[in-house]
1. Counting DSSP beta bridges in region 121-240, what percent are antiparallel, to the nearest 5?
2. List the cysteines in the chain whose Cβ has no other cysteine Cβ under 4.7 Å from it.
3. Based on the mean of other Cβ atoms within 10 Å per residue, sort peptides 299-308, 84-93 so the most packed one is first.
4. When DSSP beta bridges are limited to those with both residues in region 134-202, what percentage is antiparallel, rounded to the nearest 5?
5. Return one number: the angle in degrees, 0 to 90 and rounded to the nearest 10, between the long axis of the Cα atoms of helix 65-77 and the longest principal axis of the Cα atoms of the chain.
6. Can you give the extra length, in nm with one decimal, that the chain gains between R265 and Q43 once fully stretched, where that is 0.36 nm per residue apart less the Cα-Cα distance?
7. Specify the angular offset, from 0 to 90 degrees and rounded to the nearest 10, of the alpha carbon long axis of helix 81-92 from the longest principal axis of the alpha carbons in the chain.
8. Order 65-78, 340-353 from most to least packed using the mean count of other Cβ atoms within 10 Å.
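Read-outs: derived from the displayed coordinates by stated rules, not from any lab. The structure presented is a predicted model; accordingly, all values stated were derived computationally and were not measured. So basically every Cβ, Gly included, is an ideal-geometry build from the backbone, and we count neighbours across all protein chains shown.
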Amino acid sequence: MNFEFNDEQKALQQLARRVAKEKVAPRAAEMDETGEYPEDLFQVFRETGLVGVGFPEEYGGSGLGITGLAIAVEEMAKYCNSSALILLLTRLGTSAIFFGGTEEQKQKYLPKVAAGEMRSAFALTEPGAGSDSANIRTTARRDGDHYVLDGSKHWISGATVADFFIVAAKTKPDVGNRGMSAFIVDKDTPGFRVGKANKKMGVKGVPTAELVFEGARVPAANLLGKENEGFKLIMKNLNSLRPVVAARGLGTAEGCVAYAMQYARERETFGKNLLGHQAIQFMLAELAMSIEAARLLTYKAAQLVDDGQYGKQAAPYFSMAKAFATELANKAAYDCLQIMGSYGYSSEYPMERYYRDARQLTIVEGTSQIQRIIMAKALIDGDINYG
Ligand SMILES: Cc1cc2nc3c(=O)[nH]c(=O)nc-3n(C[C@H](O)[C@H](O)[C@H](O)COP(=O)(O)OP(=O)(O)OC[C@H]3O[C@@H](n4cnc5c(N)ncnc54)[C@H](O)[C@@H]3O)c2cc1C
């Protein structure tokens, strides 16, 4: 067992850390205020190769896998959750192509995303179906060499800048998840449009928006995998990215503690700085302990994906990492805001933004409750057995 990153991973961590400190950190507050997607930072991610971190070399990436992507995302999330999400989306919007795409589909889309020439998004959630994703209502009907899609999606991250979307739709509407198919939908598809953006609490640098399908004509060649077998593909896409969402949580928690430490060193109350009070020390010690546990869960989960294990046995470990690290991000933001008192509550300081940004992490890509359902099922089925 080895708990150390290898040399390549360490070099990536150094690069991501430098980019996060020098380029991302100075832009984070402004992005939050304007709600504008940071094209300039995307160019930085492109030039430094960070957009291609999660892609194999054969598709133009650096071959550092989901573990590499998690490393880069963790560093960004220390300062800016929107930037972390921009990197995460490189794989959230393409993994179904890795898992179920033809070589032609892979060659058409993956190298362009790895090079930062195209952006993608993942579209499952609908106004009537979030956690209960088998219940989506968007339909896809075969018509000659096209499928005709009707319906809508909402809360799709990165929708306003995406060139294509992985879209889940029902090809057999009445049979639950056995009637779902997955498609690649290009942004200029006739009958398709990106609708209105959601007004939201945090992670404002990456707009989320609705998608509208009104008789959208998608070439049959854009079906991913087999008709009616899309649910597994969509779940594999989600599952395999959970370690990277965990890395967003881990980085957020670390960013909160680093900032609160710096603040607490300088702020004096009752004749000593805040770090001199044991109540404050214990809050920080508690967070440090959980950060180390979250790191182990996160990178164990990422390694499982890179080892090609994303089936039923591995799923509960992705869920543990995701739930633990994202709940920790919320606890860290809450406690560190408390440590800063009124300055924590002020939007002149970053902690208030960390607090708002952290909140979405226990909702996206499977809520904390859904992760616990997956863990409990693994215990009940004996996939996890402590006996
Ligand atoms: C900022 C943001 C970005 C997003 N980006 C994307 C994206 O890019 N692509 C995409 O497809 N979706 C995206 N989503 C949607 C997200 O995946 C859903 O919000 C999430 O799956 C939860 O669905 P819901 O909001 O409909 O809540 P619901 O499913 O209605 O759940 C409501 C509450 O009930 C709980 N609950 C539901 N069922 C159960 C149960 N069986 N047992 C116990 N508790 C239960 C949930 O945990 C939750 O607390 C995004 C959401 C947000 C907020």
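1. Taking every DSSP beta bridge with both residues in region 121-240, the antiparallel ones total about 85 percent.
2. Flagged as lacking a Cys partner: C80.
3. Ranked by mean Cβ neighbours within 10 Å, highest first: 84-93, 299-308.
4. 90 percent
5. Value to nearest ten degrees: 50.
6. 76.3 nm
7. 30 degrees
8. Packing proxy ranking, top to bottom: 65-78, 340-353.
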